Each structure stands twice: as structure tokens, then as C-alpha cells.
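Read the structure below first, then the notes.
The values are calculated or read from the model by the stated rules, or taken from the named source; none is laboratory data. All values derive from a computational prediction rather than experimental measurement. Don't worry about glycine lacking a Cβ; one is built from the backbone with ideal geometry, like all the others, and counts go over all protein chains shown. Only protein heavy atoms, including side chains, enter the accessible area calculation; ligands, DNA and RNA are left aside. Shrake-Rupley method; radii C 1.70, N 1.55, O 1.52, S 1.80 Å.
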Amino acid sequence: LSTSIVVIQPSEVGRRVNVLGGAVAVKTLKPGFHLKMPWPFASVDRYYPGEIHSFVVGLQPSEDLEMVGISKLWAFPTGKDYDTLRKSGELYFMAGGGKASDGRQRRNILVASIPVHYRIRKDKLEEEWLKYINPDELLQNIAYREISAFFLENNLEDLLKTQGSRANEKVMKAIQDRVDGR
């Protein structure tokens, strides 16, 4: 019976998830005490609108990694699950390359670690965010796609020269436009 009582904190919004099915309409739980079916028949997903959430596209940095005196741009990439991600191909981004001496197109492969920060607006939580089954994963896929597209549109020389606010603004706008389109 203790799993039938749910407490939603003031900074949270909850959503009931019934394993046995039930109402199709999304009904959010406001802060306070609520009743639900006991676990494992039902659970509550918690969302934190208004707070800043983050994820990393590309190589996840290691907490214990500290490179002193080595430029991170040229250092051997290390991070969480580097070897697994390298073998799966999820880690690399292709940047347009220049012409090689033999006239063939040369591609540049980059390993990137790009943090993405976002906030769920309280007024958009129910009508936009919760209409998807897994909105966090959808946002991560959109960000990965737009960041990959950005790398493909630029060659390595342009990427190294234009790092900074212009590149950040362009990628951020592309991600926001794609999310707004959804």
C-alpha cells in the first residue's frame, strides 16, 4: 500500500503511467499527495519544468579526467565509453574537407563533446512536452542531427576559425527551429 501514495514536490510535475492501460489523456499531477495503483501496476514519471537540464552530444567527458598542459583540441580523445562509442560510429562527426593534392575530396572526421542545455517551459509542459512518449530522447536525437548537419556544412578550417558565439547561435537556432516544428 505504501507504493500507492505519491508525493509531488513543489518543483515537480508528475504523470501517472499505468502498466495495465487506462486513460489515454495526459493528466499531470500537481504538487501534493496523490493516490495511484500500487507498484508494479503503475508508476509516476517526474518532470522538472523551469529547471535547466543538460545532456552531451558526442563524447561524454570523464569526471576523473584532468589534462594539465595539453591542448584539448589536439589531445587523444578520452571519455566515458570511448571505445564502445568509437566502434559503433556514434561518436564521430564528419566535417567537409578540402581538396587533396590528387584532386580528390578529403573528409575530416571529428570527435566532439557538445553540451546542450535546455529548459521546459511550465506553460508548454502538457500541450507540447508530454505529448511524446520519450521527449528527452527525442530532443537528444534532434540535437544530434542538427549538430551533425552543422559539421557537414563546414570544413575543418572554417570550424576552427568560427568557433564561438556565431557557431553556437547557428546550432542553437537550428535545434530550436526543429523542436518548434515538432
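Applying a threshold of 6 Å to beta carbon distances and a minimum spacing of six or more residues, or different chains, the list of pairs starting in the stretch 28-45 at a residue that is over 11 Å from Asn18 (Cα atoms) and ending at one that is hydrophobic (A, V, I, L, M, F, W, C) and not in a strand (DSSP E or B) is empty.
To keep it simple, each residue is scored yes or no on (1) more than 15 Å from the chain's Cα centre (by Cα); (2) open to solvent by 90 Å² or more (accessible area, probe 1.4 Å); (3) of a type in the set (Asp, Glu).
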{"residue": "Glu126", "(1), (2), (3)": "yes, no, yes"}
{"residue": "Trp129", "(1), (2), (3)": "no, no, no"}
{"residue": "Leu138", "(1), (2), (3)": "no, no, no"}
{"residue": "Ile142", "(1), (2), (3)": "no, no, no"}
{"residue": "Ser148", "(1), (2), (3)": "no, no, no"}
{"residue": "Leu156", "(1), (2), (3)": "yes, no, no"}
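For every residue, the table says whether it meets (1) modelled with pLDDT of 85 or more; (2) in contact with a strand residue (DSSP E or B) (Cβ under 7 Å, 6 or more places away or on another chain); (3) outside any loop (DSSP other than H, G, I, E, B); (4) loosely packed, with under 10 Cβ neighbours inside 10 Å.
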{"position": "Phe33", "(1), (2), (3), (4)": "yes, yes, yes, yes"}
{"position": "Pro38", "(1), (2), (3), (4)": "yes, no, no, no"}
{"position": "Arg46", "(1), (2), (3), (4)": "yes, yes, yes, no"}
{"position": "Ser54", "(1), (2), (3), (4)": "yes, yes, yes, yes"}
{"position": "Met67", "(1), (2), (3), (4)": "no, no, no, no"}
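Of all residues assigned to the stretch 12-23, at least one qualifies as being assigned to a loop (DSSP other than H, G, I, E, B), at pLDDT 65 or above, open to solvent by 30 Å² or more (accessible area, probe 1.4 Å) and out of contact with any strand residue (DSSP E or B) (no Cβ under 8 Å at 6 or more places or on another chain).
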